[in-house]
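The values are calculated or read from the model by the stated rules, or taken from the named source; none is laboratory data. Quantities reported herein were computed from a predicted structural model and do not represent experimental measurements. When we count neighbours, we look across all protein chains shown, and the Cβ atoms used for this are built from the backbone with ideal geometry, even at glycine.
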Amino acid sequence: MKIKFINRICFAVASIVLLAGCGGGNNVSPTTGWAYDDPEWGGFESANPTEQITPTGMVFVEGGSFTMGSKQDRVTNDFNNVSRKVTVPSFFMDECEITNIAYREYLDWLRRVYSDYPEVYRRALPDTLCWRNKLAYDEKMVDYYFRHPNYSNYPVVGVTWLQAVDYCAWRTDRENEKILIDAGILELNVTEQNNDNVFTTDAYMAGLYEGIVNEPIPDLDPNSQGERVARMEDGIILPKFRLPTEAEWEFAAYGLIGNTVEERQIDQRVYPWNGYVTRSDDKKYYGQMLANFKRGRGDAMGIAGALNDHWSYTNPVNFYFPNDYGLYNMAGNVAEWVMDVYRNETSQDAYDINPFRGNVYMTKVLDADGLVSEKDSLGRIAYREVTVAENINRRNYKQADNINYLDGDLASQLRADQNWKQQTEEGDIDMASGGYDETEGTGEETAAQKTVTDGMYDYGRSSLVSDRVRVVKGGSWKDRAFYLSPGERRFLDQSKSSNWIGFRCAVDKVGFQE
């Protein structure tokens, strides 16, 4: 933690030096010869590439290719989650699951800042009643688990996918606000932030939140007022916090950097470690349990005097040995929400680099002059879905919602057929060779090769799978060892919660991948 703190201070100092030196005029364009960072030459500003700081509480996950999908025999012999090779770019991920105290901090901020909108606070509250079981006594967990300090370092549960996404957005803003304060650009401002006058990253960069400016950033544009806010081009603002994708979560859980020699993977793992569910790589720790899970019916923790995994329910988030990336509890304790919308055959359709199902493309709401001009009552920038008319000349996508793309249901099938027809008419497809424009799909299966069906899903009536159902990864305290394998997957409606599901956040790694 001390090293991370020093790194953050060094980054803040470097940022101040970088911004203070923007008027040096020493950089020259390699293509035009014009001077960068010089008002006399137009004031175009250039910031040198900098190493991205590690977000608070996160570890770096170096990306690469791996075999994604189930690694175990499936007695049902189904085709859900078949193994396939994919590549995952590098990213950052929370070292531990989000804790009760971290979530309480979030709630306290909502209560304090949105004092005129108490429904915002109430909407974010976890469901503590998720612990109840009609044939068990769990009132201790209902009454104390979320609020009592003895459980502060335990994973928060009873949180829906939607609540987890809101937490990620809030954390983005708090982290970026702290960075700007550390860099001396803004002053700490707690008492004056309320309702729509709050720091959000989008509103700040759009010039709709001023805050208390400490050291304004000089604007070198000769037509400007001489000052500006921090921009993405400065390299200061962190990318958004979000839930990891299913591929990212699974890749990080395996921690295969400890299982490779150069470009050879010497052993395939079933769990986030070598071997079975007890440690066998160090004589000092032989036989110690590596995860909190249920060994069998009625055996959640072992016998008195010889407890095997120590915990009847959840455990502290930094208990047990971390995997080779330094990530704790990637098996056991609680399962975790990921970004993806669940489809049982996504593994056969998704792209092989950073696969993900769930894209709904959004854009900021602009005024007649093309500017972001308004915030909502909570200080946030408004977004809307992109329209087909806006993307009429695009080849890689047309509409905003691509959740159902190539999933086999009637609506997506008709859409795929329409894309096929349109590409044929536009000459994008070589009908003689049966070619397929890969910018419109995976390149592995064409719309013409698919058969129009009566629809795969009758949402909400004959199937639990819908566009609102999200993937859940990892085993939990109440699961058998089968679900400890990162390749396994389950699903739950995004508006539901459970006492065995928590979450952790991820952040994109931009630029250097090592």
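A compact table of results
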{"read-out": "Test: residue in region 303-310 that is of a type in the set (A, V, I, L, M, F, W, C), part of a loop (DSSP other than H, G, I, E, B) and in contact with a Gly (Cβ under 7 Å, 6 or more places away or on another chain)", "value": "no"}
{"read-out": "Failed item in (1) among the aromatic types (Phe, Trp, Tyr); (2) in contact with a Cys (Cβ under 9 Å, 6 or more places away or on another chain); (3) at pLDDT below 90, with Tyr328 passing the rest", "value": "(3)"}
{"read-out": "Which listed residue, of Thr172, Thr191, is among the hydroxyl-bearing types (Ser, Thr, Tyr) and within 26 Å of the chain's Cα centre (by Cα)", "value": "Thr172"}
{"read-out": "Qualifying residue in region 155-164 (condition: of a type outside the set (A, V, I, L, M, F, W, C) and in contact with a Cys (Cβ under 6 Å, 6 or more places away or on another chain))", "value": "yes"}
{"read-out": "Residue in region 34-48 that is aliphatic (A, V, I, L, M), modelled with pLDDT of 90 or more and within 23 Å of the chain's Cα centre (by Cα) present", "value": "no"}
{"read-out": "Tally, over region 263-296, of residues that are charged (D, E, K, R), exposed (fewer than 15 other Cβ atoms within 10 Å of the Cβ), at pLDDT below 80 and in a loop (DSSP other than H, G, I, E, B)", "value": "3"}
{"read-out": "When residues of region 172-214 are limited to those that are part of a loop (DSSP other than H, G, I, E, B) and in contact with a Lys or Arg (Cβ under 6 Å, 6 or more places away or on another chain), the one nearest to Glu336 (Cα to Cα)", "value": "Thr200"}
{"read-out": "Test for Asn153: is it surrounded by fewer than 21 Cβ atoms within 10 Å (Cβ to Cβ) and either more than 19 Å from Ile381 (Cα to Cα) or at pLDDT 95 or above (or both)", "value": "yes"}
{"read-out": "Selection status of Glu248, within 19 Å of Val165 (Cα to Cα) and either touching a residue at least 12 places away in the same chain (Cβ under 8 Å) or in a loop (DSSP other than H, G, I, E, B) (or both)", "value": "yes"}
{"read-out": "From Tyr209, Tyr204, residue being within 26 Å of Phe44 (Cβ to Cβ), of a type outside the set (A, V, I, L, M) and touching a Phe, Trp or Tyr at 6+ places or on another chain (Cβ under 8 Å)", "value": "Tyr209"}
{"read-out": "Qualifying positions in region 473-489 - crowded, with 21+ Cβ neighbours inside 10 Å and of a type in the set (A, V, I, L, M, F, W, C)", "value": "Trp477, Leu484"}
{"read-out": "So Gly511, is it touching a residue at least 12 places away in the same chain (Cβ under 8 Å) and crowded, with 17+ Cβ neighbours inside 10 Å", "value": "no"}
{"read-out": "Matching entry among Asp221, Asp202, Asp234 (being touching a residue at least 12 places away in the same chain (Cβ under 8 Å), over 30 Å from Leu492 (Cβ atoms), buried (at least 18 other Cβ atoms within 10 Å of the Cβ) and acidic (Asp, Glu))", "value": "Asp234"}
{"read-out": "Qualifying residue in region 333-350 (condition: assigned to a loop (DSSP other than H, G, I, E, B), among the hydrophobic types (A, V, I, L, M, F, W, C) and modelled with pLDDT under 90)", "value": "yes"}
{"read-out": "Search result, residues across region 286-316 that are among the β-branched types (Val, Ile, Thr) and under 28 Å from Asn81 (Cα atoms)", "value": "Thr314"}
{"read-out": "Test: Glu374 is of a type in the set (Asp, Glu) and more than 25 Å from Tyr405 (Cα to Cα)", "value": "yes"}
{"read-out": "Selected residue [touching a strand residue (DSSP E or B) at 6+ places or on another chain (Cβ under 8 Å), surrounded by 13 or more Cβ atoms within 10 Å (Cβ to Cβ) and farther than 24 Å from Thr245 by Cβ] from Val386, Val334, Val372, Val317", "value": "Val372"}
{"read-out": "Residues satisfying the stated conditions in region 215-236, i.e. assigned to a loop (DSSP other than H, G, I, E, B), over 16 Å from Asn48 (Cβ atoms) and not polar (S, T, N, Q)", "value": "Glu215, Pro216, Asp219, Asp221, Pro222, Gly226, Val229"}
{"read-out": "Enumeration of residues in region 251-262 that are surrounded by fewer than 19 Cβ atoms within 10 Å (Cβ to Cβ) and either within 26 Å of the chain's Cα centre (by Cα) or part of a strand (DSSP E or B) (or both)", "value": "Ile257, Gly258, Asn259, Thr260, Val261"}
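Yes/no matrix, rows are residues, columns are (1) under 19 Å from Pro244 (Cα atoms); (2) among the aromatic types (Phe, Trp, Tyr); (3) buried (at least 18 other Cβ atoms within 10 Å of the Cβ):
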residue	(1), (2), (3)
Pro55	yes, no, yes
Val61	yes, no, yes
Asp73	no, no, no
Pro89	yes, no, no
Asp94	yes, no, yes
Glu97	yes, no, yes
Arg111	no, no, no
Glu119	no, no, no
